1. Write down the accessible area per residue of the chain in Å², having rolled a 1.4 Å probe over the full set of protein chains.
2. Can you pull out the GluC sites (Glu not before Pro) in region 22-80 whose DSSP state is coil and whose Cβ has at most 13 other Cβ atoms within 10 Å?
3. With no solvent and one equal point scatterer per Cα, compute the Debye intensity ratio I(q)/I(0) for region 55-123 at 0.28 Å⁻¹ and report its log10, rounded to two decimals.
4. With the cut-off at 1.5 for a/c, could you classify region 190-282 from its C-alpha gyration tensor as rounded, prolate or oblate?
5. Would you be so kind as to identify which of A136, W208, T9 lies farthest towards the positive end of the dipole of the chain, taking Lys and Arg as +1 and Asp and Glu as -1 on Cβ and the Cα centre as origin?
6. Can you send over the solvent-accessible area of F152, 1.4 Å probe, protein chains only, in Å² to the nearest 10?
7. Helix-only estimate, please: 222 nm mean residue ellipticity of the chain, summing -39500 (n - 2.57) across DSSP H runs of length 4 or more and dividing by its residues, to the nearest 500.
8. For region 91-156, what is the convex hull (Cα atoms) projected area averaged across all directions, in square nanometres?
Amino acid sequence: MAVDLHAHTTASDGSLSPRELVNLAREIGLSAVAITDHDTIAGWDEAVEAGDALGIEIVPGVELSTAYEGGRFHLLGYYIDRHSTLIETLKEIQTARANRNHVIFDNLRALGLPLEEKEVRAFAGPTGQLGRPHFAQAMIARGYVTTTQEAFDRYLADGKPAYAPKAVLTPQEAIAYIHEAGGVASWAHPLRSKNLTFPDLEARLQDWIGWGLDGLEVVYSQYTPDEAEWATKMQQQYGLLGTGGSDFHGRSKPTVKLGVTNTGGPVADSVLHQVKARCDAIRASQHSKP
Ligand code: AMP
Ligand code: ZN
Ligand code: FE
Ligand code: FE
């Protein structure tokens, strides 16, 4: 049996609704799919309803945006309790984001580049979460810039005149919140970038393991062979749980197919069993605490 433990829906920046995603999972023969939208669990209920009807197991998940030492990192949380500080905190972060967007509108207006909120909203998904990529698209539509990259390079990137900071969790906070919510924390796709070498990534990994990180995404649609090899080596060396998934986004990331990873196929369902076992262990250790 095959699973996919990393997928997005219209609850964040995916193009398929939760129901459409579960239908697709069924079509391609997955037994389980994790709903891991960015910083929201709004896709869970519809996915579970569809999953129950089709006999597909839905793993309730989330992909948390974190910032650490000047870098941005994604942490996957699986089996989060919806009545938790984490979920309350995500709501607060969304409110903070809306306030931050008003600052970006003001900054652009001051630069002589006014935008109406509805122009930006036209490029956002059904949940209406606005981010800088949507501002960039509206700026292109107005003829202020010709590409998204130009919008970032001239106005929207950190340090540019329309930029406004946004609240983000640190990985330490994210791991603590995930555990407190009874869930399992896995570092999503640590990709080597021009700024971060493998030793840099390993140093971060060591810090996060110190904070209780459970797993590392060892199977991922966009790993290069050396990234995949590094991730597996780290997972084994540090005794981490090895998670995996496609990071499917539908049309928003057209080259990534649901259930297809760097191995050419999906993830074995034994991986899901390991995630569940870790979740049980986390919850048991919390109950045994005085
Ligand atoms: P936001 O959540 O509004 O801060 O937007 C974050 C998104 O903006 C990221 O996921 C990237 O897609 C995009 N982004 C951030 N920085 C840049 C940059 N310097 N150049 C192009 N895109 C960027
Ligand atoms: Zn995404
Ligand atoms: Fe991610
Ligand atoms: Fe993702």
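The values are calculated or read from the model by the stated rules, or taken from the named source; none is laboratory data. A quick note: this is a predicted structure, and the numbers were derived from the prediction, not measured. FYI the Cβ positions are ideal-geometry reconstructions off the backbone, even for glycines, and counts take in every protein chain you see. Ligands, DNA and RNA are excluded from the accessible area calculation, which covers all protein heavy atoms including side chains. Shrake-Rupley method; radii C 1.70, N 1.55, O 1.52, S 1.80 Å.
1. Working: 13210 Å² over 290 residues.
Per residue, the chain has an accessible area of 46 Å².
2. On the way: sites: E27, E46, E49, E57, E63, E69; in loops: E69.
Sparse-neighbourhood loop GluC sites (Glu not before Pro): E69.
3. -1.18
4. On the way: a/c = 1.95, a/b = 1.13, b/c = 1.72.
Oblate shape, in that a/c is at least 1.5 and b/c is the bigger or equal ratio.
5. Positive-most Cα among the choices belongs to A136.
6. Approximately 40 Å² of F152 is accessible to the 1.4 Å probe.
7. Values: 10 runs with 122 residues, N = 290.
After summing the helix terms and dividing by residue count, I get -13000 deg cm²/dmol.
8. On the way: hull surface 16.8 nm².
Averaging across all directions leaves 4.2 nm² for the Cα convex hull.
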